[in-house]
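J.: Take a look at the following structure, please.
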Amino acid sequence: MENRRSFIKKSAMAAAAVCLSEIGSNAAPTALEGFGKANRNSHSNLIVPKGDALPITGTFLDEISHDIPHQNWGEAEWDRDFRYMKEMGIDTVIDIRCGYKKFMTYPSPYLLKQGGYMPSVDLIDLFCRLSQKYGMTYYHGLYDCGSRNSVDQVEPNKYIIEEVWERYGSKYDSFGGWYISHELGRYLDGAIGAFQTMGKQCKDISKSAKHPKGLPTFISPWIDGKKAVSAAKAEVHRDEGVSVDDHRTKWNTIFDGIHEYVDACAFQDGHIDYDELDAFFTVNKQLCDKYGIQCWTNAESFDRDMPIKFFPIKFDKLRLKLEAAKRCSYDKAITFEFSHFMSPQSAYLQAGHLYDRYKEYFG
């Protein structure tokens with residue numbers, strides 16, 4: 001009986017070895033390696049010129065969100081994601097906001113006193129450490145109190161900016177800038193003054209011999225186009241969007257008021273149709289050049305054309321937007337956002353395929 005058991009065991013092991021040798025590099029990936037790892041080096045035949053677009057070199061890190069799911073990653077998963085980012089050519093990461101209402105990414109003494117919820121880990125410290133490890137620049141996103149009124153954002157961020165600089169900015173060389181996280185689509189009462197106040201404080205507190213004007217700041221507003229609809233609704237378009245001329249007029253006024261305190265502007269590119277890209281992108285570049293602001297694009301890697309919000313974008317849509325950014329001589333492309341919508345280990349299986357198509361296109 002013992003000999004029979006030994007024979008069966010040996011036979012099973014031999015069969016398993018044969019199967020594994022036949023599968024080879026196409027074996028199913030382990031959870032540690034992420035979805036789609038087995039076919040990461042596969043190729044297909046493109047019928048468009050490769051790499052004729054502005055590559056993505058920056059990404060937001062969305063850890064405080066209200067409209068996409070949390071992935072519940074720990075340090076191991078984040079470390080792996082930074083490696084995937086580095087492999088794709090990303091050199092800049094931006095925490096999109098360090099707090100939203102009562103949730104926060106680090107144990108803020110100010111927010112805790114306001115009734116905020118204690119986080120289980122210090123994500124800002126983690127992001128700064130991983131940025132340092134992988135040679136990336138970290139931009140810190142300010143606190144969002146949840147109000148659409150720009151003026152309401154100023155008071156809490158007076159304390160947040162001081163806390164963050166003392167805890168991380170003066171400690172990590174990877175801490176390289178600030179993101180004023182309040183999103184703006186059109187001129188609103190008090191908006192210019194609010195951006196002036198927050199931008200000035202960020203720059204003043206981070207002045208040094210190396211950075212006599214303070215660390216750079218940037219914003220990522222939205223274009224008030226046909227696809228600027230509520231994420232809570234099924235609609236993906238509205239009848240009217242802002243005209244190119246009206247967009248120019250509004251943002252000329254805004255830039256005139258904030259250009260001393262904002263170094264770069266990354267307009268979100270998903271609120272206009274693909275055949276409108278060149279017209280709006282040209283205006284954005286002209287206005288940024290006029291006021292000495294770097295012209296970035298926030299190349300959204302999620303799809304706004306579907307009633308289900310939000311899934312990874314079709315690669316060709318992302319390609320069209322990045323090609324337009326190159327034609328209009330933009331300075332840099334960042335995305336919202338790699339970890340959910342482009343990462344091979346994202347909760348969305350499609351994200352890993354987008355990563356593959358992107359790398360295939362850019363070689």
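No lab work stands behind these numbers, since they all come straight from the coordinates. Owing to the predicted nature of the structure, the values given are computational and were not obtained by experimental measurement. Every residue, glycine as well, gets a Cβ built from its backbone with ideal geometry; the counts of neighbours run over all protein chains shown.
J.: Helix 244-258 versus the longest principal axis of the chain: what angle, 0 to 90°, nearest 10, using Cα atoms?
T.: Taking Cα atoms only, the helix is inclined about 80 degrees.
J.: Still on this model: If contacts are Cα pairs under 8 angstrom and at least 6 residues apart, what is the relative contact order of region 269-314 in percent?
T.: Relative contact order, region 269-314: 34 percent.
J.: Per the Kirkwood formula on distinct C-alpha pairs, the Rh of the chain is how many angstrom?
T.: Evaluated on the chain, it is 22.0 Å.
J.: Over the Cα atoms of region 129-257, what is the Rg over Rh ratio if Rh follows Kirkwood?
T.: Computed over Cα atoms, the ratio is 1.03.
J.: For helix 191-205, report the angle its Cα long axis makes with the longest principal axis of the Cα atoms of the chain; keep it between 0 and 90° and round to the nearest 10°.
T.: 70
J.: Would you mind calculating the relative contact order of region 253-363 from Cα pairs under 8 angstrom and at least 6 residues apart, reporting the percent as a whole number?
T.: 25
J.: Given the C-alpha atoms of region 271-363, compute the convex hull and give its volume per residue in Å³.
T.: 96
J.: Check each of the trypsin sites (Lys or Arg not before Pro) in region 48-155 and keep only those in coil by DSSP with at most 11 other C-beta atoms within 10 angstrom; list them in order.
T.: Passing sites in region 48-155 are K50, R148.
J.: A further question on this structure: Could you give the angle, 0 to 90 degrees to the nearest 10, between helix 277-291's Cα long axis and the longest principal axis of the Cα atoms of the chain?
T.: Tilt of helix 277-291: around 50 degrees.
J.: Take every Cα pair under 8 Å in the chain that's 6+ residues apart, average their separations, divide by the length, and report that relative contact order as a whole percent.
T.: Taking the mean separation of contacting Cα pairs over the length of the chain, I get 18 percent.
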